[in-house]
Structures are given as C-alpha cells and as structure tokens.
1. At 7 Å along the Cα-to-beta-carbon direction for both Ala116 and Glu73, put a label point, then send me their distance in nm to one decimal.
2. Full-extension gain between Ser46 and Asp83, please, as 0.36 nm times their residue separation minus the C-alpha to C-alpha distance.
3. Give me the one-decimal nm value for the distance between modelled label points at Glu61 and Asp108, 7 Å along each residue's Cα-to-Cβ direction.
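Only the coordinates and a few stated rules stand behind these numbers; no lab work does. Everything numeric in this text was worked out from a predicted model, so none of it was measured. A quick note on method: Cβ atoms are made from the backbone with ideal geometry, for glycine too, and the neighbour counts reach across all protein chains shown.
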Amino acid sequence: MNTETMQKSNDGNAARNLEKTRSRELAPPVDVYENEAELLIVADLSGATSERLDIKIDPPELRIETRPERDDEPIWRRSFTIDERIDATKVSAELKNGVLAVRLPKADEVRPRKVAIRGGA
C-alpha cells in the first residue's frame, strides 16, 4: 500500500470516529490519511478474514465490523462519519495480512483541477 503521497489527517471533519463499544466489542486501531484524490482508512484487524468482515456505507456513516466465528470472540467495530466530499459509489477495500485498507475517493466536484487556458500567444 502506497501512503507516501498521502498526509495523515488529524482533521475530525475528514473522518470522525463514532466509536461505540460494548462488552464484546473492540475498536481496532486505525489511521486516516488524506490527499487531493481520496481518504484512506487503514485498520489493524489481525486474524480477520474477508469472509467475516463487513463494510457498510449508509451515508453519512461508514461501518467496519467483523462477525466472530465463536461466541467468545470479540467483535471489531468502528464507525466513521463521511461527508459529501466522498463518492460513496466508488469506495473500495482490501484486506492483506490482517491490515484493512478502505479507499474513499473524493467526488469529482471537490477535487482540485487544472483549468485549461485558451488563446493565442
């Protein structure tokens, strides 16, 4: 995963955590990065598999949650508020070696763009 061109975001408006923990629920550690094109949420979900992982978008909320195989296993759950800058139809996720990367592309309308200049010399 290439995070070299991304800045770590400490801005609560970029992706505000709405943690809700209960007795068997744990909030996995996450980092949130932002660049001109997208937000990137990176979560440590050691032991999770893609078959037991759910990512749901119900604007303005993005939820990441695991389904345990046994009753004594904890549930990993994190929720984030996403705003209108995010194109929810283009969100993607990848789980590799226990690390989940969720990419939230920004809508074209809010991305910086270069304006072409017409005219002569």
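1. Here the modelled spin labels are 5.3 nm apart.
2. 10.5 nm
3. Using points 7 Å along Cα→Cβ, the separation is 3.1 nm.
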